[in-house]
1. Measuring from label point to label point, each 7 Å out along Cα→Cβ, what is the ALA165 to THR346 span in nm?
2. Run the quick spin-label model on ALA245 and GLU284: label points 7 Å from Cα toward the beta carbon, then report their separation in nm to one decimal.
3. Just to confirm the filter: which trypsin sites (Lys or Arg not before Pro) across region 241-277 are DSSP coil and have at most 15 other Cβ within 10 angstrom of their Cβ?
4. In region 161-252, what chymotrypsin sites (Phe, Trp or Tyr not before Pro) fall in a loop by DSSP, with at most 13 other Cβ atoms inside 10 Å?
5. Assuming a ≥ b ≥ c are the square roots of the Cα gyration tensor eigenvalues, decide whether region 306-375 counts as rounded (a/c under 1.5), prolate (otherwise, with a/b larger than b/c) or oblate.
6. Tell me, what ³J(HN,Hα) does each residue in region 121-127 have, in order and in whole Hz, if you take phi through Karplus 6.51 cos²θ - 1.76 cosθ + 1.60 with θ = phi - 60° and put x for Gly and Pro?
7. Using 0.36 nm times the number of residues separating ARG87 and ASN319, minus their current alpha carbon distance, what extension gain do you get?
8. Note down the relative contact order for region 265-372 as a percent, whole number, built from C-alpha pairs under 8 angstrom at least six residues apart.
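The values are calculated or read from the model by the stated rules, or taken from the named source; none is laboratory data. Predicted model only: the values in this text are computed from it and were never measured. Cβ coordinates were reconstructed from backbone atoms using ideal geometry, including for glycine residues, and neighbour counts include every protein chain displayed. Surface accessibility is based on the protein's heavy atoms, side chains included, excluding ligands, DNA and RNA. Shrake-Rupley method; radii C 1.70, N 1.55, O 1.52, S 1.80 Å.
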Amino acid sequence: MPKPKNPLMPTTRGLLQFQFTSKGWLLSGLLLLLPLMISVGCSDQDRQNQPVSRPAKVFRIEELSAVGVMRFAGEVKARIETPLSFRVAGKLLERKVDVGDQVRKGQLLAILDGSDYRLAVQGLKAQLASARADSTFLRDDLGRYRELLAQQVISPPEFERHETAYTTALERTAALEAQLAEAINQLTYTELHADHDGVVTALAVEAGQVLAVGQAVVTLAQLDEKEIHFDVPEHLLPEIQRRQAVNVSLWFDDDRRFKAKIREIASAADPASRTYRVKATLLEGMDAAQLGMTATVHIAANTASRIAIPLSAVYTPQNQPDHPSVWLVDEQAATVKSMPVRLGETLDGERIAVEGLAAGQLLVSAGVQRLAEGQAVRLPEGPGLPKNRGSEGQP
């Protein structure tokens, strides 16, 4: 008699069919997830391999038909600045002026101890008085011997001997007079007076100091002529000529211009800076230009064309600090390349003249210290600029 079937227990065939169906669903789910996982993995790998680009501020180089003016920093100085000194040696008793004092011609500036010179004058006066007394006596004595010679009481040689003594006394008196005049002059030289109007710009000694002959004491500058002294590099020297008209502005009032004229150009370069000292005489603005002030000399450029770029575009590589460079942009690949340049003079608008570039080239003008050779950059959209190849695939 067959056993009744339990509805709660599946048959072997049904169990196998259920297991097969479950594995089919699992296999189907894995097959559906596999392309998605492959897609996600490839996308992440592509994103990691893609180079990171930086946004870049760029500048299109334009050739200037004229740079305008060249500017050089200088200092206001007096054309004639004289160090004054004593003509005799001695101990400085008193100094009558300080730096910055304006003095007049003949004004007393300093005094030396003149005790020794006064004693020398007194001694020579005494010797001179004695010599004058001797010459007076010999003169009267010679008159008596002349009478005796006329009476033929004495011989001519005897008369000549007395005449020679009188002549010697006269010459000795003249010599002592010259020595006394010299001693009086030396006593006068113990006082230092200004030989012209001016202003005291330097003091080299103090009271109590023993000075040698000719040692500088006071530096006196004349105020009737003022100049601007500035240095010019050798490659710009051909553009400056003597008697050339220039303009000068002072640091505290750069908008105001004063006329000046090139007076002197050094014939040799400074051995340390390799620049040439140039002096420009002020033709106006004497009262405004005080000695020692910082000034700017504006000189018209004579060259026909130059390249000017922003100062922010120039950088110096760490391994070559003496080689200024810029980053040129490859507009097709949107990458940068280092290019060494030669710097010229500084221009208006925070620009600088350079050599080694050509008009039309595109260069990075900001953040140049953060770039590397071959760095990908994102270029801004705008007329005359290529599309942002470096931003493709970026959000």
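1. 8.8
2. Distance between the two pseudo-spin positions: 1.1 nm.
3. Values: sites: ARG242, ARG243, ARG256, ARG257, LYS259, LYS261, ARG263, ARG274, ARG277; in loops: ARG242, ARG243, ARG274.
Counting only loop positions with at most 15 other Cβ atoms within 10 Å, the trypsin sites (Lys or Arg not before Pro) in region 241-277 are ARG242, ARG243, ARG274.
4. Details: sites: TYR166, TYR189, PHE230, TRP251, PHE252; in loops: TYR189, TRP251, PHE252.
Taking region 161-252 and a limit of 13 other Cβ atoms within 10 Å, the loop chymotrypsin sites (Phe, Trp or Tyr not before Pro) found are TRP251, PHE252.
5. Working: a/c = 1.76, a/b = 1.27, b/c = 1.38.
Here region 306-375 falls in the oblate category.
6. So the J values, rounded to whole Hz, are 5, 4, x, 5, 5, 5, 4.
7. Details: separation 232, 0.36 × 232 = 83.52 nm, distance 5.87 nm.
Between ARG87 and ASN319, full extension yields 77.6 nm more.
8. Once normalised by length, the contact order is 23 percent.
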